[in-house]
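Chemist: Sharing a structure with you now.
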Protein chains: 2
Amino acid sequence: MAESNELRKAGLKVTLPRVKIMQILESSEPRHMSAEDVYKTLIDAGEDVGLATVYRVLTQFEAAGLVIRHNFDGGHAVFELDDGEHHDHIVCVDTGEVFEFFDEKIEKRQKKIAEDMGFELVDHSLVLYVKQK
Amino acid sequence: MAESNELRKAGLKVTLPRVKIMQILESSEPRHMSAEDVYKTLIDAGEDVGLATVYRVLTQFEAAGLVIRHNFDGGHAVFELDDGEHHDHIVCVDTGEVFEFFDEKIEKRQKKIAEDMGFELVDHSLVLYVKQK
DNA sequence: CTAATTGCAAAAGCTTTGCAGCGCA
DNA sequence: TGCGCTGCAAAGCTTTTGCAATTAG
């Protein structure tokens, strides 16, 4: 199975919690889940995994570059699978829904701004908060 | 004094903690402070104000539109005086320093992206994480 | 005078950590 | 077998809240 290889490649033992969590992230809709969301999904599926393990696994996945952690407003982090395609986010303040977008012009402009100030851009976080018209 | 008027205008009683906190925010360098930063500054100045009060006052200031709360990475919120001029932020991952910038092109592009998706842009958060070259 | 405000301490919410036992390789 | 991993419970951190005492208007 695909998950096993990704885990091994990351130097992580192939354990049930890790495989299950990876599967949940791969098949989840919406794609952005909090640790609590993952934990609940696991419990609902009858898996006996602790919340601490979910946090540990997600943190390991992040370190391994398998997932990305976002700190949107609201106190809790959300995670999404890193598919290698960078994108930014749109959060609807009415429904909480999260959408993704990518805009070449904004990306380039950000790079230029950082460089004009004598820095190297290593990362960025752009979130548009919107509401329905 | 200027602070008193701003407070009265916001419908808040002019109390010592509020005036002191407002003064700290007005004169602070760097401009971005956490609740803890404000609290420490107060204590160092010999003021007997509780941390809970700092949080309450900052939250009231935010509701009144006097300050803006940011949730940069790192678990704790930072506050800055709202001078009416919108700007985004650059955070140096080496030093933790915070810089401000404003880019008309990015602003316009964001608005267009939200509208193209049928939404109304109500707010946005853009942070560039950079390092020294 | 009276409602708003404050300090303290306790509680809350998210996340991390210590530890003994379990399980993958 | 041996070290990594897990579950549980406890601890950590930032932030919020309850409450009695204090204070602004």
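Chemist: Would region A:101-110 turn up any residue that is within 23 Å of A:Met33 (Cβ to Cβ) and facing chain B (nearest Cβ under 7 Å)?
Modeler: Among the residues of region A:101-110, at least one is within 23 Å of A:Met33 (Cβ to Cβ) and facing chain B (nearest Cβ under 7 Å), which makes the answer yes.
Chemist: Hey, does region A:115-124 have a residue that's within 14 Å of chain B (Cβ to nearest Cβ), within 14 Å of DNA strand C (Cβ to nearest atom) and of a type in the set (Gly, Ala, Ser)?
Modeler: No, there is no match, as no residue in region A:115-124 is within 14 Å of chain B (Cβ to nearest Cβ), within 14 Å of DNA strand C (Cβ to nearest atom) and of a type in the set (Gly, Ala, Ser).
Chemist: Determine if region B:90-102 includes at least one residue that is among the hydroxyl-bearing types (Ser, Thr, Tyr) and in contact with a Pro (Cβ under 9 Å, 6 or more places away or on another chain).
Modeler: No: zero hits.
Chemist: How about region B:18-52: which of its residues are among the charged types (D, E, K, R) and surrounded by fewer than 19 Cβ atoms within 10 Å (Cβ to Cβ)?
Modeler: Scanning region B:18-52 gives B:Glu26, B:Glu29, B:Arg31, B:Glu36, B:Asp37, B:Lys40, B:Asp44, B:Glu47, B:Asp48.
Chemist: Further question on the same structure: Please go through region B:83-99 and give me each residue that is out of contact with any strand residue (DSSP E or B) (no Cβ under 6 Å at 6 or more places or on another chain), closer than 17 Å to B:Ser28 by Cα and either at the interface with another protein chain (Cβ under 7 Å from one of its Cβ atoms) or surrounded by 12 or more Cβ atoms within 10 Å (Cβ to Cβ) (or both), ordered by number.
Modeler: Within region B:83-99, B:Glu97 is the sole residue that qualifies.
None of the figures in this text is laboratory data; all of them are computed from the coordinates on show. Just so we're clear, the structure is a prediction, and the values are computed from it rather than from any experiment. Please note: Cβ atoms are built from the backbone with ideal geometry, for glycine as well, and neighbour counts cover all protein chains shown.
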